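The values are calculated or read from the model by the stated rules, or taken from the named source; none is laboratory data. A quick note: this is a predicted structure, and the numbers were derived from the prediction, not measured. Methodologically, a virtual Cβ is constructed for each residue, glycine included, from the backbone with ideal geometry; neighbour enumeration extends over all protein chains shown.
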Amino acid sequence: MFNITDIRINKIEGDDKLKAFAALVIEDCFLVGDLRVVESEDGYFVAMPSRRKRDGSFKDIAYPLNNVLREEIEEKVLLAYEAATGHRAISRIERGEAAQVRPDLLGVEEFGFTPKAGS
């Protein structure tokens, strides 16, 4: 996997569900921004960066390709959110409800990338 070397949290005030925006720094050299910390009826979760399509729906533009990485990102972002805000963010992961990789998202092969042998 890769090493998340920094997480930046920008708290949002006055929104019932959106609690913060987050940005990940990977290996001190790549930033992924516009992750969202969202509070739902089922607890807190991290939404991946997305873009609004012409039909009004949203499409994730950056996302993990497996559940292990998705859970790691969600755990680290929620811990950073807790540290930055002092609010407890109980995630689905803590309750043993692993987030599933969405079937509508493209896999690495569908983007035209070929995984290296042994990776």
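Pick from region 29-60 the residues that are in a loop (DSSP other than H, G, I, E, B) and at pLDDT 90 or above: which of them is surrounded by the most Cβ atoms within 10 Å (Cβ to Cβ)?
MET48
I'm trying to understand the selection: among the residues of region 1-23, which are part of a loop (DSSP other than H, G, I, E, B) and in contact (Cβ under 8 Å) with a residue 24 or more places away in the chain?
Hits for region 1-23 are MET1, PHE2, ASN3.
Report yes if some residue within region 98-110 is out of contact with any Asp or Glu (no Cβ under 9 Å at 6 or more places or on another chain), surrounded by 13 or more Cβ atoms within 10 Å (Cβ to Cβ) and at pLDDT 60 or above; otherwise report no.
no
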